[in-house]
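S.K.: For reference, the structure I am asking about is given below.
We did not get these values from a lab; they are worked out from the coordinates using the rules stated. Not measured: the values here are computed from a predicted model. A quick note on method: Cβ atoms are made from the backbone with ideal geometry, for glycine too, and the neighbour counts reach across all protein chains shown.
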Amino acid sequence: MALDEIKISRAIIKRFMEKFIDYLDIDVAIVGAGPSGMMAALELAKMGRKVAVFERKLSIGGGMWGGGMMFNEIVVQKEGSDILNELGIKTIETEDGLFTADSVECVTTLASLACKAGAKFFNLMSVEDVLISNGRVNGLVINWTSVEMAGLHIDPLVVRSKYVIEATGHPVEVLKVIQRKCGHKLLTPSGEIEGERSMCADIAETTTLENTKEAFPGVYVAGMAANATFGSFRMGPIFGGMLLSGRKIAEIINQKLSV
Ligand code: 48H
């Protein structure tokens, strides 16, 4: 049978539209497919939650692909290594309780497991705003990244979600929009984004987990964005905190959804 190009096109458009429409109303919307966002997606999907990840770029993986300074190996501590091993990712012990892992194996495995568990990834979509009522965020305002890049004046669409996870990493994009536009204080000491501090891996890894929590009604912050929001340090290419943070935020939200 000759291949029909129109059938191929129709299959893609139809399947994508079905998927997109199905995910306009979900339990959890995650912004950012870096390690913390993907870990949260995997865990929530395993818990049976309807979860989608919106990622601006064509590729998922955020800052994990590049390891440290483009050497595509990451470092994790014992707790991070345990998570990676649990996911079937090989780690090698180096020194002082530190382990290395191949960053490509980490990203591809995390993404694959999250997809297989039922999480949906929408790449090439940028989150430009939030859906808000009565001082609580109830979803995301999204547009194609290409629209954003071209600066086109094209209105966005909306996804409703019971909870939002802010996992945009260093720029803390979702909470910045809330701070700028929503007229309510964030759940930080100053009521605003406290800002990321310089490198101090030891403190940063601990505080990443402490700072993984609700940052605005309906919005929970994970990963690097958690430290930037609550004013802690950066940690460089050690990724255990990112994985633990993704897992922690999934547990918190799953509990909220169970009430
Ligand atoms: C859609 C968006 C938007 C938007 C951004 O940076 P990430 O990898 O985030 P984390 O927190 O999971 O991991 C941080 C880690 O990679 C890192 O940078 C570390 C450990 N740094 C330490 C240091 O000292 O430097 O991923 C965030 C993702 C990216 O893929 C962005 O493209 C995406 O979020 N994103 N997606 N809409 N508005 N903003």
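S.K.: For the range 133-259, what does the relative contact order come out to in percent, with C-alpha contacts under 8 Å and a separation of six or more?
M.R.: 25
S.K.: Quick check on the exposure proxy: order 173, 210 from fewest to most C-beta atoms within 10 angstrom.
M.R.: Fewest to most other Cβ atoms nearby, the residues stand as 210, 173.
S.K.: Students often forget the sequence filter, so: which aspartates and glutamates lie under 18 Å Cα-Cα from residue 185 once same-chain residues fewer than 8 apart are removed?
M.R.: By straight Cα distance, residue 185 reaches 129, 166, 173, 194, 214.
S.K.: Based on Cβ point charges of +1 for Lys and Arg and -1 for Asp and Glu, what charge dipole magnitude is obtained for the range 1-54 about its Cα centre, in debye rounded to the nearest 20?
M.R.: Result for the range 1-54 is approximately 80 debye, rounded to the nearest 20.
S.K.: Over the range 59-120, what per residue volume does the convex hull of the Cα atoms give, in whole Å³?
M.R.: Enclosed volume per residue, from the Cα hull, is 79 Å³.
S.K.: Separate question: Strictly over 21 Å apart at the Cα level, which of 7/120; 120/162; 57/213; 14/120; 19/162; 78/213 would you flag in this model?
M.R.: 7/120; 57/213; 78/213
S.K.: Now for a separate question. Based on C-alpha coordinates, I'd like the Rg and Dmax of the range 155-205, in Å.
M.R.: When restricted to Cα atoms, the range 155-205 yields Rg and Dmax of 13.7, 44 Å.
S.K.: Pop out the Kirkwood hydrodynamic radius of the range 130-241 from its pairwise C-alpha distances, inverse of mean 1/r, in Å to one decimal.
M.R.: Computed over the range 130-241, the radius equals 14.7 Å.
S.K.: Tell me, Kirkwood radius of the range 192-232 from alpha-carbon pair distances, in Å?
M.R.: With all distinct Cα pairs of the range 192-232 included, I get 10.0 Å.
S.K.: Something else: Taking the Cβ of residue 83 as the center, what net charge do the other residues with Cβ under 11 Å away carry, scoring Lys and Arg +1 and Asp and Glu -1?
M.R.: After counting each charged neighbour, the total is -2.
S.K.: Suppose every Lys and Arg Cβ carries +1 and every Asp and Glu Cβ carries -1, with no other charges. What dipole size does the chain come out with about its Cα centre, to the nearest 20 debye?
M.R.: Approximately 960 debye in magnitude.
S.K.: Using only the alpha-carbon atoms, what does the range 1-105 span along each of its principal axes? Please give whole angstrom values in decreasing order.
M.R.: Rounded to whole Å, the extents work out to 57, 36, 26 Å.
S.K.: Could you tell me the ratio Rg/Rh of the chain? Both radii from Cα atoms, Rh via Kirkwood.
M.R.: 0.98
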